[in-house]
Amino acid sequence: MRYSICYTPSARDPLSLAAASWLGRNVYSGEPVEHPALPGFGLHDLAFHTALPRRSGFHACLKAPFALHEEASEAQLLRELMHFAGIVEPFTLSGLEVARLGDFCALTLAQPSNQLERVASLVVQNFDRFRAPLSDAEIERMAPERLSAPQFANLYRWGDPHVLDEYRFYMPLTGPVAMSQRDRIHQAAATYFAPVLQGSVVFSNLALFVEREPGAPLVVHSLHPMGRVSARKIA
């Protein structure tokens, strides 16, 4: 069993519903969802391009998947996450857009958000005591020889190279896309998600995701609303 702390909208949020259809799986129930009918796309075409994010589910990672430390329990993790969420104030994700990040498409922010970066950093640091150390094999799978010096340091300190100053918020919508298809896929995703991105998207909860066995699809274990204890703000 591995756990991950992420952002994802609530189950009935229009963005969650749109993403579940786009990816072909509901990250709350784990059940398949029918893909939307897109002009010029067959269902198998969209299914192929969304296979990787379908397994991981619609989310932006804050704390990468980790096994529990031998001295920690799921109950302790849940209590700490509930407390933490309650003292962090919600905020608006301004400028959320469909973008191309290298060879894949994702929802990301047009401009950096100081509030988001602070919450992401706090999650990484506050919950690291629950994380079991990475094995040598797990470190090797992350190809440490390809990392920058700060990323290498993050991998060994926090179990994830892309945290703190190296963090970027994104919610994957595709896996790697061939260069000849990138403009087509990007335009289709941008058009499809445009209606649900017109209004405000609020970062108002933290989600605990679980991977019940190696390679299993990630699902939401529990959703923790933010801002319940307003007298003790830390973000």
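The values are calculated or read from the model by the stated rules, or taken from the named source; none is laboratory data. This is a predicted model, so every value here is computed, not measured. Positions of Cβ are backbone-derived with ideal geometry, glycine not excepted, and every protein chain shown enters the neighbour counts.
Annotations
- Hey, T174 within 30 Å of S29 (Cβ to Cβ), exposed (fewer than 13 other Cβ atoms within 10 Å of the Cβ) and hydroxyl-bearing (S, T, Y) or not: no
- Residue satisfying all of: in region 57-80; over 16 Å from the mean Cα position of the chain (by Cα) and hydrophobic (A, V, I, L, M, F, W, C); surrounded by the fewest Cβ atoms within 10 Å (Cβ to Cβ) among these: A75
- Region 1-29: number of residues that are more than 29 Å from T92 (Cβ to Cβ) and modelled with pLDDT of 95 or more: 1
- Members of region 1-17 found to be surrounded by 15 or more Cβ atoms within 10 Å (Cβ to Cβ) and either within 30 Å of W158 (Cα to Cα) or acidic (D, E) (or both), listed by number: R2, Y3, S4, I5, C6, Y7, T8, P9, S10, D13, S16
- Scanning region 149-205 for residues that are farther than 21 Å from L62 by Cβ and of a type in the set (K, R) gives R182, R184.
- Residue in region 18-41 that is of a type outside the set (F, W, Y), exposed (fewer than 15 other Cβ atoms within 10 Å of the Cβ) and in a helix (DSSP H, G or I) present: no
- Residues (in a helix (DSSP H, G or I) and either touching a His at 6+ places or on another chain (Cβ under 6 Å) or crowded, with 18+ Cβ neighbours inside 10 Å (or both)) located in region 126-150: F130
- Boolean, V163 is aliphatic (A, V, I, L, M) and within 22 Å of Y3 (Cβ to Cβ): yes
- In region 60-98, the residues that are of a type in the set (G, A, S), touching a residue at least 40 places away in the same chain (Cβ under 8 Å) and either touching a helix residue (DSSP H, G or I) at 6+ places or on another chain (Cβ under 8 Å) or assigned to a helix (DSSP H, G or I) (or both): A72, A85, G86
- Boolean, S4 is of a type in the set (G, A, S) and assigned to a strand (DSSP E or B): yes
- Scanning region 103-125 for residues that are surrounded by fewer than 20 Cβ atoms within 10 Å (Cβ to Cβ) and free of Cβ contacts under 8 Å to residues at least 60 places away in the same chain yields A110, Q111, P112, S113, N114, E117, S121, Q125.
- Residue that is nearest to V202 (Cα to Cα), among those in region 109-146 that are touching a Phe, Trp or Tyr at 6+ places or on another chain (Cβ under 8 Å) and of a type in the set (D, E, K, R): E117
- Filtered residues of region 25-38 (kept if touching a residue at least 12 places away in the same chain (Cβ under 8 Å) and farther than 15 Å from H59 by Cβ): V33, E34, H35, P36, L38
- The residues on offer are V196, V220, V210, and the sole one that is surrounded by fewer than 21 Cβ atoms within 10 Å (Cβ to Cβ), outside any loop (DSSP other than H, G, I, E, B) and under 14 Å from the mean Cα position of the chain (by Cα) is V210.
- Pairing residues of region 144-172 that are without any contact (Cβ under 8 Å) to a residue 40 or more places away in the chain with residues that are of a type in the set (D, E, K, R) and not in a loop (DSSP other than H, G, I, E, B), at Cβ distances under 8 Å and at least 6 apart in sequence or on separate chains, gives S148/E166; P150/D165; P150/E166; Q151/E166; N154/E166; W158/D128.
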